[in-house]
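Contents: one structure, followed by commentary.
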Amino acid sequence: MSELNNSDIVKHVIQTLIDISGRKTTKGQALINMTELLNKLKNKYDFLKHIEIKDTRFLEMDEPVSIMTNLDNLKSNELSKALYDIIKITNKSLGKNAGFFFIKELRKNLGESYTLKVEEMGLDLGLMQLEFEINEISKKL
């Protein structure tokens with residue numbers, strides 16, 4: 001596999017989140033939720049304004065996630081913070097529909113090469129899953 005750049009990673013993570021969310025709600029709802037989420041986070045992460053989500057359910061060739069500019073010059077820690085927020089808020093917004101192992105499912109669906117790159121950027125999905133599990137257990141206590 002060729003070297004993955006920041007744009008590839010961000011696009012793949014967001015696309016995977018949309019796919020997982022679409023199975024737990026509907027594809028249309030997943031697209032709307034991701035668009036709204038990115039709009040909310042644009043004030044915190046300016047580069048998110050360059051990501052466009054399109055409703056491609058009725059188009060054959062288009063991909064729903066487009067990145068309009070090169071994100072490859074951004075610092076990895078800035079991207080990892082944004083991805084952390086996107087994953088965490090997506091998980092929270094799905095509520096009980098997300099399931100207890102949402103982040104594990106995300107990790108599996110991303111694939112090994114993307115998971116390794118995300119972890120190299122400083123975002124540990126295994127730790128995120130553990131954090132989620134601890135929060136859920138503490139809610140029950």
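The values are calculated or read from the model by the stated rules, or taken from the named source; none is laboratory data. Not measured: the values here are computed from a predicted model. Don't worry about glycine lacking a Cβ; one is built from the backbone with ideal geometry, like all the others, and counts go over all protein chains shown.
Listed conditions (1) out of contact with any Asp or Glu (no Cβ under 6 Å at 6 or more places or on another chain); (2) at pLDDT below 95 are all met by Thr56, apart from (1). Scanning region 70-101 for residues that are crowded, with 17+ Cβ neighbours inside 10 Å and over 21 Å from Leu48 (Cβ atoms) yields one hit, Ala98. The helices (runs of 4 or more DSSP H) found wholly in region 27-141 and carrying at least 1 residues that are charged (D, E, K, R) and under 16 Å from Gln15 (Cβ atoms) occupy 27-41, 102-110, 112-120.
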